[in-house]
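Engineer: Shown below is the structure under consideration.
The values are calculated or read from the model by the stated rules, or taken from the named source; none is laboratory data. As the structure is a prediction and not an experimental result, all values here were calculated from the model. Every residue, glycine as well, gets a Cβ built from its backbone with ideal geometry; the counts of neighbours run over all protein chains shown. Note: accessible area is taken over every heavy atom of the protein model, side chains too, but ligands, DNA and RNA are not part of it. Shrake-Rupley method; radii C 1.70, N 1.55, O 1.52, S 1.80 Å.
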Amino acid sequence: MPSLWKRITFSVASVLCVGSVVLLVVALSTERWVTGRILCKTGAEIVNASHPELEQFIGDIYYGLFQGGKTKKCGLGSRRSKIYIFPKLVRTLNGGLHMMVILFLLVAVGFALVSLSFCIYNARKVPYQSIKGLKGLYLWNAIAALFGALGVLCFLAAVRHHGLTERVANHRENLFVLVVLDDSLDWSFWLGVGSIATHFAVCGVIAMSRIKLPKPETKKPEEPTISALDLLY
């Protein structure tokens with residue numbers, strides 16, 4: 001049976017692993033990886049809009065790994081539309097890179113669950129094999145953090161170097177050309193980054209489990225001493 005300190009540290013590590021899984025699942029399922037502003041270039045050119053009038057042609061866009069939405073203003077008022085990455089839009093994107101992002105994040109979820117199971121095991125029992133102990137926990141958390149980082153970096157490369165936002169904005173736009181004025185990474189993306197940081201925190205907590213706390217000393221009751229004079233009496 002592990003000591004009380006080890007049970008506490010591995011229980012905290014288990015909670016952190018659950019947090020990492022939750023962060024990744026929420027990041028995968030939400031639509032706020034990127035938000036930005038889009039200009040309806042065609043509408044602005046038709047009316048020869050000047051700088052103050054351009055505000056009437058500026059809409060917004062947001063999207064995640066599976067879906068999103070946009071509001072375009074092309075002189076006919078605001079028009080909202082839903083964006084679905086699969087099955088058609090992904091063909092116009094760098095499909096391989098987009099699938100790698102999803103795959104890497106799913107693998108990270110899998111190894112986070114493996115790390116969780118090993119944390120629970122170590123909180124209940126003392127492992128006989130090193131791969132089931134601290135070395136295994138370091139390994140699983142390192143792999144989960146690695147795949148999470150690869151997924152985040154691949155998505156960042158798609159946004160910054162492959163014009164992902166502009167391709168998403170102009171999908172199925174036959175009459176109008178939309179120009180991305182600015183885009184930024186939103187909270188869904190940072191949830192993925194937070195999941196990576198959680199695994200480093202898990203490794204720190206696991207390292208703390210090796211600290212040996214001093215055991216409280218129990219004082220033994222003093223035995224009465226019998227001297228030679230006591231024996232005479």
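Engineer: Name, by its number, the condition in (1) open to solvent by less than 60 Å² (accessible area, probe 1.4 Å); (2) in contact (Cβ under 8 Å) with a residue 40 or more places away in the chain; (3) more than 23 Å from residue 148 (Cβ to Cβ); (4) not hydrophobic (A, V, I, L, M, F, W, C) that does not hold for residue 6.
Structural biologist: Status for residue 6: all satisfied but (1).
Engineer: Please go through the stretch 26-46 and pick out each residue that is within 35 Å of the chain's Cα centre (by Cα) and open to solvent by 60 Å² or more (accessible area, probe 1.4 Å).
Structural biologist: 29, 32, 37
Engineer: Among the residues of the stretch 134-143, is there at least one that is without any contact (Cβ under 8 Å) to a residue 60 or more places away in the chain, assigned to a helix (DSSP H, G or I) and of a type in the set (D, E, K, R)?
Structural biologist: yes
Engineer: Now for a different question. Where residues in the stretch 209-233 are open to solvent by less than 100 Å² (accessible area, probe 1.4 Å) and outside any loop (DSSP other than H, G, I, E, B), which of them is modelled with the highest pLDDT?
Structural biologist: That would be 228.
Engineer: Now for a separate question. Out of all the residues in the stretch 47-98, which are surrounded by fewer than 19 Cβ atoms within 10 Å (Cβ to Cβ), β-branched (Val, Ile, Thr) and either modelled with pLDDT of 95 or more or part of a strand (DSSP E or B) (or both)?
Structural biologist: Within the stretch 47-98, 58, 71 qualify.
Engineer: Quick one: which residue in 123, 108 is more than 22 Å from the chain's Cα centre (by Cα) and either farther than 30 Å from residue 44 by Cβ or assigned to a helix (DSSP H, G or I) (or both)?
Structural biologist: The unique qualifying residue is 123.
Engineer: For residue 155, are the conditions met, namely being closer than 28 Å to residue 203 by Cα and either over 25 Å from the mean Cα position of the chain (by Cα) or part of a helix (DSSP H, G or I) (or both)?
Structural biologist: yes
Engineer: Okay, next question. Within the stretch 88-103, take every residue that is in contact with a Lys or Arg (Cβ under 9 Å, 6 or more places away or on another chain) and of a type outside the set (Lys, Arg) and give me the one that is nearest to residue 152 (Cα to Cα).
Structural biologist: Here the residue is 94.
Engineer: Which pairs have Cβ atoms under 7 Å, sit 6 or more apart or on different chains, and link a residue in the stretch 173-194 that is hydrophobic (A, V, I, L, M, F, W, C) to one that is open to solvent by 50 Å² or more (accessible area, probe 1.4 Å) and assigned to a loop (DSSP other than H, G, I, E, B)?
Structural biologist: As it stands, the answer is 187/32, since those pairs meet every condition given.
Engineer: Considering only the stretch 162-208, state which residues are part of a loop (DSSP other than H, G, I, E, B) and open to solvent by 60 Å² or more (accessible area, probe 1.4 Å).
Structural biologist: Listed by number, the residues that qualify are 162, 172, 174, 175, 177.
Residue by residue, here is whether (1) touching a residue at least 12 places away in the same chain (Cβ under 8 Å); (2) farther than 19 Å from residue 106 by Cβ holds:
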residue	(1), (2)
23	yes, no
43	yes, yes
52	no, yes
65	yes, no
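Engineer: Now, a different point. Got at least one residue in the stretch 125-133 being open to solvent by 30 Å² or more (accessible area, probe 1.4 Å) and in contact with a Gly (Cβ under 6 Å, 6 or more places away or on another chain)?
Structural biologist: yes
Engineer: I've got another one for you. Say we look at the stretch 144-158 and pick out the residues that are open to solvent by less than 10 Å² (accessible area, probe 1.4 Å) and touching a residue at least 60 places away in the same chain (Cβ under 8 Å); which of these is nearest to residue 16 (Cα to Cα)?
Structural biologist: For the stretch 144-158, the residue satisfying everything is 144.
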